[in-house]
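The values are calculated or read from the model by the stated rules, or taken from the named source; none is laboratory data. Keep in mind that this is a model prediction, so the values were computed, not measured. Cβ placement follows ideal geometry from the backbone for every residue including glycine, while neighbour counts extend to all protein chains displayed.
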């Protein structure tokens, strides 16, 4: 079978019982993503960095595709969790990059007054594959050399 798009366990998480994402219903757009380990997301204080929640996953896809990461609809109200970047974008060339093997994570802020604990295996967000277009005069030829946040380096 030709590999077109899918999820794999990222390097370093092979023996940690990571579940590959699934869609729960026939017409779900998103694949449910789980936390790879327990993590505490502290209550937000001005100037603090978002908490990166590991998934233990990497993703492969076609040249004209991306993976979009979205928050669970229940997270803001029930847990006070909002994504720091609103929507995460995972590019095709993030897969197996030399810095982190393409391991993608969710970046959260906690807007509740108390710290929030996420348990390993708990659903934290959704991932949706999507095609994209480029402009007529597109000349992008650069190559990714790093992992998280490395596009502009």
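Details
- Residue in segment 51-74 that is modelled with pLDDT of 95 or more, outside any strand (DSSP E or B) and closer than 15 Å to residue 8 by Cβ present: yes
- Of everything listed in (1) assigned to a loop (DSSP other than H, G, I, E, B); (2) more than 30 Å from residue 141 (Cα to Cα), the single unmet condition for residue 82 is (1).
- For segment 92-109, a residue qualifies if it is in contact with a strand residue (DSSP E or B) (Cβ under 8 Å, 6 or more places away or on another chain) and crowded, with 16+ Cβ neighbours inside 10 Å, and the qualifying residues are 92, 94, 95, 101, 102, 103, 104, 105, 106, 107, 108, 109.
- Some residue of segment 58-70 being under 17 Å from residue 121 (Cβ atoms) and surrounded by 13 or more Cβ atoms within 10 Å (Cβ to Cβ): no
- Screening residue 90 on (1) in a strand (DSSP E or B); (2) touching a residue at least 40 places away in the same chain (Cβ under 8 Å) shows it passes everything except condition (2).
- Those residues of segment 110-132 which are buried (at least 19 other Cβ atoms within 10 Å of the Cβ) and under 16 Å from residue 69 (Cβ atoms), in sequence order: 118, 124, 125, 126, 127
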